[in-house]
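The values are calculated or read from the model by the stated rules, or taken from the named source; none is laboratory data. Note that this is a predicted model, so its numbers are computed, not measured. Here the Cβ positions follow ideal geometry from the backbone for every residue, glycine too, while neighbour counts run over all protein chains shown. These area figures cover heavy atoms from the full protein model, side chains too; ligands, DNA and RNA do not enter into them. Shrake-Rupley method; radii C 1.70, N 1.55, O 1.52, S 1.80 Å.
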Amino acid sequence: MHRQIPEAKPYIREFERLGFGMFIHWGLYSQMARGEWIMKLQGIPREEYRRLQNTFTADDFDARAIARLARRAGMKYIVLTARHHEGFSLFDTKGLSDYDSVHSPAARDLIAEFAEGCRAEGIVPFFYHTTLDWYQENYKDDFDSYLRYLQQSVELLCTHYGKIGGMWFDGNWDKPEADWREDELYGMIRRMQPEAIIVNNSGLHRQGGYGHPEIDSVTFEQGRPQPMDRKGKSKYVAAEMCQTMGAFWGYSGSDFAFKSPKELIEHLCACRKVGANYLLNIGLTGTGSVAKLQEAMLETVGEWLRVFAPAVYATTPCGIAGHGEDFGLAGEDGKLYFFVHRLSAAGDWNVTVPSGGVGPRTYTGVRKKIRSVRWLDNGEELAFVQDADKDLFSFQATGYPYGIDYVVRVAVAVVEE
């Protein structure tokens, strides 16, 4: 029996078109500059850790400036940790707790500023919310009471900040056998924010795992996503890879394990190859600023995207495969986009390190007749051959002009109607 792929709901399809997003981890832990799990891993007692609230000023937090940075990076949405595992909230909990930003020296509802700043820059705001909690004692002692607190907190986020892009949950893996009452939580979100994307991170050890039927996107934490098998599923579910720039999600002043812009571009392309979004994390400093290195790396990726944007956002997998990491995508504009990795630059052998790749690039799965092929960056026309009987399409990949290396280069093909 032929298994059908379900039709994607419009809001899920729109989420896939966003393509590239910013993840932001920020909380009390940021002041310690040693990552987001410092409370748990260092065994810091609850009341001692809470003293960090007394020095949380958010003096350098400028939500609109961060949204502007995301836009320069080519990012279309931002997911901010409204509450992380430490239990501290960046929003006004309106009496549910005094462990929030309005009861700190910042004395501000930072989520309200975030939502407003995103919209001012055309960025879609998403809220991360932990489901586990190291601070609330009833998480261990009275789980039913804790779940009421969790749902009331999420309800505040769904009712006081306008239309949001989605809710990004994380922590169910801490109690895998527990009844998290997801029906109630997700049902409430559907009533308040019917088109909000619902994510619940499946964790490092269950990448791409399907969860509750209301989940709209699976997650691939710190790992490249695999193609989604949606055949016979009751619902079309999107995919998203979330990844750190360095070794930690929360800001660390001693993290020297940062990825290169080259790696970030390759990860972005690997995500789009299988139709997944790329959610790239930054950790704000204790006062809420973006570290210079992270800012520079984001802007560098943004420069690449300004050249190759047509191939990244409104494109979908279409069964085109090349050699190695090369692949093709179908554009909503009717064109085909061929991604080329490891291409050499032209130049004298004394100064140019050869990386190969100049010459024919061959792909299978091209079902339409090609009329022309050119590089997307400079418009150079490329010679090509197509053998429909053998399902082969090949074009001559010329090298980069000396002084240029895009890491991944894209050729665009016009097809016959």
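Looking only at residues in the range 97-118 that are among the acidic types (Asp, Glu) and closer than 12 Å to PHE61 by Cβ, the one that is most open to solvent (accessible area, probe 1.4 Å) is GLU113.
Remark: GLY171 falls outside the filter, which requires a residue to be under 26 Å from ALA120 (Cβ atoms) and either among the basic types (Lys, Arg) or at pLDDT 95 or above (or both). Checked across the range 316-336, the condition of being in contact with a strand residue (DSSP E or B) (Cβ under 8 Å, 6 or more places away or on another chain), open to solvent by less than 20 Å² (accessible area, probe 1.4 Å), within 30 Å of SER254 (Cα to Cα) and outside any strand (DSSP E or B) holds for no residue.
Before we move on, is ARG367 surrounded by 12 or more Cβ atoms within 10 Å (Cβ to Cβ), assigned to a loop (DSSP other than H, G, I, E, B) and at pLDDT 90 or above? Answer is yes for this residue.
Every residue in the range 370-417 that is of a type in the set (D, E, K, R), touching a Gly at 6+ places or on another chain (Cβ under 9 Å) and surrounded by fewer than 12 Cβ atoms within 10 Å (Cβ to Cβ), please. The answer is GLU417, and nothing else. Right, ARG83: open to solvent by 50 Å² or more (accessible area, probe 1.4 Å) and at pLDDT 95 or above or not? Judged against the criteria, ARG83 is not a match.
Considering the range 212-243 alone, what residues qualify as being surrounded by 20 or more Cβ atoms within 10 Å (Cβ to Cβ) and among the small types (Gly, Ala, Ser)? If the condition is that a residue be surrounded by 20 or more Cβ atoms within 10 Å (Cβ to Cβ) and among the small types (Gly, Ala, Ser), then SER217, ALA238, ALA239 are the ones that fit. Screening the range 195-211 for residues that are among the aliphatic types (A, V, I, L, M) and out of contact with any Ser or Thr (no Cβ under 9 Å at 6 or more places or on another chain) and picking the one that is least open to solvent (accessible area, probe 1.4 Å) gives ALA196.
May I ask you to say which residue of LEU52, LEU18 is surrounded by 18 or more Cβ atoms within 10 Å (Cβ to Cβ) and either over 25 Å from ARG72 (Cβ atoms) or of a type in the set (Gly, Ala, Ser) (or both)?
None of the other options fit; the residue is LEU52.
PRO213 meets the conditions (1) within 30 Å of ASP183 (Cβ to Cβ); (2) touching a residue at least 24 places away in the same chain (Cβ under 8 Å) in every case but one. The failed one is (2). Given the conditions (1) free of Cβ contacts under 8 Å to residues at least 60 places away in the same chain; (2) open to solvent by 80 Å² or more (accessible area, probe 1.4 Å); (3) in a loop (DSSP other than H, G, I, E, B), which single one is not true for GLN4? Against the list (1) free of Cβ contacts under 8 Å to residues at least 60 places away in the same chain; (2) open to solvent by 80 Å² or more (accessible area, probe 1.4 Å); (3) in a loop (DSSP other than H, G, I, E, B), GLN4 comes up short only on (1). Taking the conditions exactly as written (open to solvent by 60 Å² or more (accessible area, probe 1.4 Å) and under 17 Å from the mean Cα position of the chain (by Cα)), does LYS273 satisfy them or not? For LYS273, the condition - open to solvent by 60 Å² or more (accessible area, probe 1.4 Å) and under 17 Å from the mean Cα position of the chain (by Cα) - is met. For the range 21-49, a tally of residues being outside any helix (DSSP H, G or I) and open to solvent by 10 Å² or more (accessible area, probe 1.4 Å) returns 8.
Check PHE91, PHE61 and return the single one that is of a type in the set (A, V, I, L, M, F, W, C) and open to solvent by less than 10 Å² (accessible area, probe 1.4 Å).
Selected residue: PHE91, the only one of PHE91, PHE61 that is of a type in the set (A, V, I, L, M, F, W, C) and open to solvent by less than 10 Å² (accessible area, probe 1.4 Å).
Just to be sure, is MET245 assigned to a loop (DSSP other than H, G, I, E, B), under 21 Å from LYS76 (Cβ atoms) and under 20 Å from the mean Cα position of the chain (by Cα)? For MET245, the condition - assigned to a loop (DSSP other than H, G, I, E, B), under 21 Å from LYS76 (Cβ atoms) and under 20 Å from the mean Cα position of the chain (by Cα) - is met.
Regarding GLY250, is this residue in contact (Cβ under 8 Å) with a residue 12 or more places away in the chain, crowded, with 20+ Cβ neighbours inside 10 Å and assigned to a loop (DSSP other than H, G, I, E, B)?
For GLY250, the condition - in contact (Cβ under 8 Å) with a residue 12 or more places away in the chain, crowded, with 20+ Cβ neighbours inside 10 Å and assigned to a loop (DSSP other than H, G, I, E, B) - is met.
Return the total of residues in the range 122-148 being under 21 Å from TYR49 (Cα atoms), more than 24 Å from the chain's Cα centre (by Cα) and not in a loop (DSSP other than H, G, I, E, B).
5
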